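K.L.:
Next up is a structure, given as structure tokens.
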Amino acid sequence: MEGEQLTEQETALYDRQIRVWGADAQRRLSKAHILVGGMMGTVAEFCKNIVLAGVGSVTLVDDRRVTEESLTANFLIPPDEKLYEGRSISEVCCDSLKDFNPMVHVSVEKGDLSSLSTEFFEKFDVVVVSCCSLSTKKAINEKCRKLLKHIAFYAVDCRDSCGEIFADLEKHSCTKKQADETVECYLQYPSFAEAIAVPWKSLPKRVSKLYFAMRVIERFQDSEARIPGETSLDDLPNVLKLRKELCEAQLLNESQIPDSLLQRLVCGNMEFPPVSAIIGGILGQEVIKAISCKGEPIKNFFYFDAVDGKGIIEDISILIQPLDQQSTKAKL
């Protein structure tokens, strides 16, 4: 990407945002290629944001057919059944995204995300996955890490009024404002598998309860061979039993994962559109920061719960990082 300049058309179209983050950041964005797997409502919000920001290309992967449930939070799907009947979610969303910014190349890749080869991911700068199993998250993250090229990996999940973002930027450098000067930061990220393998007993006592609850739901879905969204109230007794087993093994008090929170996650299979907008907006902001190398990005989990209205960053990597970079928390 180095040395390539913005065209006159790009400079005119993105004039306002160039004034905010500079021509170099916009140039990086215009050359970036994004792969998105799982077109949920939160991801639709994210795609809209990065397309408007002016990335180079966005490739969508989601072969599921459009259903009435798909319309709940995904505003990229038109309400007229004639426009989506018999088509995949990615195909319908692709058409809508093209209307937002004709200068961004939006396309569809058919097939199962987990079956794509490691070499396939090499042409992308950012990979975002949603609505996929625990094993798929791990596998895609590891495929990205096997390549010589550094690829930013994100996993996002939104259930009812709660949301989670995971980020793995591998080794990342960026600039940020500190007092009256600009300083350079160097960050090292663990993979998704490394992060969730950190023993719970070694984490600070005030780690978000959502972190633990999401791991329980993830493990339950994996053990039952379920995909996200395939749980119901009938599953709650087995989920509570799994929580008990995990807490005993991890030496964590069960009160850290309240019954009420697990019930919301088990039953809340539909996304809540206002929360999708918040999580999708945060994800878009983070991807722009990662591509432009301007501003310190999230490291490495972000949580939002509409019940208390708080956004929390959790750095779950204390066994991998030096002591001076141990788990930190910040409120947005």
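The values are calculated or read from the model by the stated rules, or taken from the named source; none is laboratory data. Since the structure is predicted, the reported quantities are computational estimates derived from the model, not experimental observations. Positions of Cβ are generated from backbone atoms using ideal geometry, with glycine treated the same way; all protein chains shown enter the neighbour counts. All accessible areas refer to the heavy atoms of the entire protein, side chains included, with ligands and DNA or RNA removed. Shrake-Rupley method; radii C 1.70, N 1.55, O 1.52, S 1.80 Å.
K.L.:
Can you tell me which residue among F166, F220, F153 is free of Cβ contacts under 8 Å to residues at least 40 places away in the same chain, assigned to a strand (DSSP E or B) and closer than 24 Å to F304 by Cβ?
P.N.:
Exactly one residue qualifies, and that residue is F153.
K.L.:
Determine whether K138 is surrounded by fewer than 21 Cβ atoms within 10 Å (Cβ to Cβ) and under 14 Å from the mean Cα position of the chain (by Cα).
P.N.:
In short, yes.
K.L.:
Go through T72, T59 for me and flag whichever is under 19 Å from V128 (Cβ atoms), out of contact with any His (no Cβ under 6 Å at 6 or more places or on another chain) and touching a residue at least 24 places away in the same chain (Cβ under 8 Å).
P.N.:
Going through T72, T59 in turn, just one is under 19 Å from V128 (Cβ atoms), out of contact with any His (no Cβ under 6 Å at 6 or more places or on another chain) and touching a residue at least 24 places away in the same chain (Cβ under 8 Å): T59.
K.L.:
OK, next. Would you be able to tell me the number of residues in the stretch 230-241 that are within 17 Å of L210 (Cα to Cα) and either among the aromatic types (F, W, Y) or surrounded by fewer than 19 Cβ atoms within 10 Å (Cβ to Cβ) (or both)?
P.N.:
Result for the stretch 230-241: 2.
K.L.:
Could I ask something else about it? When the residues of the stretch 62-121 are filtered to those that are assigned to a loop (DSSP other than H, G, I, E, B) and among the hydrophobic types (A, V, I, L, M, F, W, C), which remaining residue is nearest to K138 (Cα to Cα)?
P.N.:
Going through the qualifying residues, I end up with L116.
K.L.:
C158 fails exactly one of the following numbered conditions: (1) of a type in the set (A, V, I, L, M, F, W, C); (2) closer than 30 Å to R264 by Cβ; (3) in contact with a helix residue (DSSP H, G or I) (Cβ under 6 Å, 6 or more places away or on another chain); (4) modelled with pLDDT of 95 or more. What is the number of that condition?
P.N.:
Looking at each condition in turn, C158 falls short on (4).
K.L.:
Could you list, in sequence order, all residues of the stretch 288-303 that are open to solvent by less than 30 Å² (accessible area, probe 1.4 Å), out of contact with any His (no Cβ under 9 Å at 6 or more places or on another chain) and under 19 Å from S191 (Cα atoms)?
P.N.:
I291, I298, N300, F301, F302, Y303
K.L.:
Separate question: Quick one: Q188 ticks every box in (1) open to solvent by 60 Å² or more (accessible area, probe 1.4 Å); (2) touching a strand residue (DSSP E or B) at 6+ places or on another chain (Cβ under 7 Å); (3) more than 29 Å from A277 (Cα to Cα) bar one, so which box is it?
P.N.:
Failing condition for Q188: (3).
K.L.:
Would you mention how many residues in the stretch 128-150 are part of a loop (DSSP other than H, G, I, E, B), without any contact (Cβ under 8 Å) to a residue 60 or more places away in the chain and either of a type in the set (G, A, S) or out of contact with any Cys (no Cβ under 9 Å at 6 or more places or on another chain) (or both)?
P.N.:
Total meeting the criteria: 3.
K.L.:
Within the stretch 29-61, count every residue that is in a loop (DSSP other than H, G, I, E, B), within 20 Å of H150 (Cα to Cα) and either of a type in the set (A, V, I, L, M, F, W, C) or open to solvent by 30 Å² or more (accessible area, probe 1.4 Å) (or both).
P.N.:
Of the residues in that region, 3 qualify.
K.L.:
Pull up the stretch 62-82, narrow it to residues that are among the aliphatic types (A, V, I, L, M) and surrounded by 17 or more Cβ atoms within 10 Å (Cβ to Cβ), then point me to the one that is farthest from C94 (Cα to Cα).
P.N.:
A73
K.L.:
Moving to a separate point now. Only one of these conditions is not met by A195: (1) outside any helix (DSSP H, G or I); (2) surrounded by 13 or more Cβ atoms within 10 Å (Cβ to Cβ). Which number is it?
P.N.:
(1)
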